[in-house]
Amino acid sequence: MTLTAPSVWLHIGAGSFHRAHQAWYLHRLLKAGDNRWEIALSNIRDDAVPLLTVLAEQNGEYTLETVTPEGERNYEKITSIKKLIPWDAELQGLITQGADPRTRVIAFTVTESGYYLDTEHQLDADHPDIKADINGEVRTIYGALTRVLKARMQAHGDPVTLLNCDNLRHNGERFRQGFLTFLQLRREENLHAWVTAHTTSPNTMVDRITPRPTADIAPRVLAATGFADKAPVMAEAFIQWVVEDDFAAGRPALENAGVEMVASVLPWEEAKIRILNASHSCIAWAGTLVGQDYIHQSTQTQEIKEMAWEYVTQDVIPSLMPSPLDLEAYRDVVLARFANPYIQDTNQRVAADGLSKIPGFITPTLIETYQRGETPRATTLLPALFFLFLQRWHEGELPYHYQDGALDAEALHALLSQKDALARFAANSALFGSLASSSDFAQLLHSAVASLQSWAKHPQPVTE
């Protein structure tokens, strides 16, 4: 009897989130006796080499620690990653795996800024990384997939699903549009036609708070399990994954592991991005401004929690109605999750990539509130917080290194050096789209910044 080899889920992006989320779902299938799929893990850049090396030494296995808001911890060894693809500058290992007929899904987590989209959701063809990849380098997901899929097309041409697992609104559609535009700019006519005909890009919504791993996780894992894990990962107990059921070459039975397979992910996606992601950023920027290190501390600070609560209640919920979800209940669950003191998620991690989060998570609510004939006072506090946050960065007064994939440090320092920096910030169409030319919005933002400046100068008490 000949056993059929498992199909391969190739994942690009070796960060903690994939290991706490998608890998967990596929592990659940393996535990239930469904061994038809396994994961091959890779990375585009060399920053994950130490992690990939350690995981290879552990045969791809690692421990996931989850913790509830009440402090209940659970430990589970994740076994779904069966192949670790060593990084090389030409990505030969990734290309070989992507061209393998057993690979039927190519998924990726590269963060919101890793798609290089402007406020109109079009590919930013002028970005240096995109220009480099148009000329044959592999700095981005687009350059990497061009090499992978060209090899696949030339080898056998079997279809494959390209699955975005990042916090990007309409993530499958917008990735796909960006990728096809990239292929046109590269004059890859044959590959463009093949991708159009032989791949799909379902929209997805992913959710699980996953802090960057800290040194205290491994000792807890060792004490609880006896496994001296060199690559453990920790996350909150809550998890959710909503996926449009549009796969080009088959898929795991994800519904058997708790994934919601749907015709349209839109209601879940909008609620998550605007309520959870935007509020998360609000809390991180505000907490940083008043000298706090952790998301739970900032969420437990009454003024900050009220900012997030009012933003959602006054502006977001009216923008999302009607909805099949109980948006008020979702708001309350989200804020309770953020207040979990056991997660120890840092304001530094959540504050990152603000230049992409403003247009992606926040500007749509600003615009839609104006369109309803109302003034988005509660929402405008969020970009006001971010402006004050950027001022601290400009002055070298942030307590940590700010990471932002869309950051042009020289240009931003130049803007923030101007006497009219706030006016220039408000007029930035990359951040605020059509509102960049609105004098009403500029004045509202000016008032919001003025209302926060005194508060943001003083440390806030924390209730543990």
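The values are calculated or read from the model by the stated rules, or taken from the named source; none is laboratory data. Note that this is a predicted model, so its numbers are computed, not measured. Positions of Cβ are backbone-derived with ideal geometry, glycine not excepted, and every protein chain shown enters the neighbour counts. Side chains are part of the model used for accessible areas, which takes the heavy atoms of the whole protein and leaves out ligands, DNA and RNA. Shrake-Rupley method; radii C 1.70, N 1.55, O 1.52, S 1.80 Å.
Miscellaneous remarks
- With DNA, RNA and ligands ignored, accessible area of Tyr294 (1.4 Å probe; Å², nearest 10): 70 Å²
- Lys230 exposes around 150 Å² of accessible area when a 1.4 Å probe is run over every protein chain in place.
- Per residue solvent-accessible surface (Å²) - the chain, probe of 1.4 Å: 41 Å²
- Inter-part distance where the stretch 1-40 and the stretch 390-464 are each reduced to a Cα centre, Å: 42 Å
- Overall, the stretch 1-111 carries a charge dipole of about 400 debye about its Cα centre when +1 sits on the Cβ of Lys and Arg and -1 on the Cβ of Asp and Glu, all other atoms neutral.
- In the chain, a dipole from Cβ-located charges (positive for Lys and Arg, negative for Asp and Glu) runs towards its positive end, and of Ala450, Pro318, Leu26 it is Leu26 whose Cα lies farthest in that direction.
- Rg followed by Dmax, in Å, when the stretch 1-138 is reduced to its Cα trace: 17.2, 56
- When only Cα pairs below 8 angstrom with a gap of at least 6 residues are kept, the stretch 60-205 shows a relative contact order of 22 percent.
- Where labels lie 7 Å past Cα in the beta-carbon direction, separation of Asp158 and Gln302 in nm: 6.2 nm
- Highest mean packing first, where packing is the average number of other Cβ atoms within 10 Å per residue, the peptides 184-194, 272-282, 84-94 line up as 272-282, 84-94, 184-194.
- If R0 is taken as 22 Å, the Cβ-Cβ distance between Glu137 and Asp47 corresponds to a FRET efficiency of 0.85.
- Between the beta carbons of Glu189 and Gln403, assuming R0 = 51 Å, the FRET efficiency works out to 0.90 to the nearest 0.05.
- Cut-off 18 Å, label 7 Å out along Cα→Cβ of Asn256, residues of the stretch 45-85 by amide N: 79-81
- When only Cα pairs below 8 angstrom with a gap of at least 6 residues are kept, the stretch 123-276 shows a relative contact order of 22 percent.
- Taking 0.36 nm per residue of separation and subtracting the current Cα-Cα distance, fully stretching the chain between Leu266 and Glu57 would add 71.2 nm.
- Gain upon complete extension [Asp332, Phe227; 0.36 nm per residue less C-alpha separation]: 34.1 nm
- Label point distance in nm, Glu310-Ser434, each placed 7 Å from Cα along Cα→Cβ: 2.7 nm
- Shown are Asp246, Asp129, Asp326, whose ranking by accessible area with a 1.4 Å probe and every protein chain present, most to least, is Asp326, Asp246, Asp129.
- Heavy-atom SASA rank of His401, His27 (probe 1.4 Å, accessible area, largest first): His401, His27
- Amide H contacts under 5 Å for Trp9: Glu38, Ile39, Ala40, restricted to partners 5 or more places along the chain or on a different chain, H placed in the peptide plane at 1.01 Å from N.
- Rounded to whole Hz, the Karplus (6.51, -1.76, 1.60) HN-Hα couplings of the stretch 22-31, x for glycine and proline: 4, 5, 5, 4, 5, 4, 4, 5, 4, 4
- Compared with the direct C-alpha span, the chain from Glu70 to Ala414 gains 119.2 nm at full extension, assuming 0.36 nm per residue.
- The chain, relative contact order [Cα under 8 Å, separation at least 6], %: 15 percent
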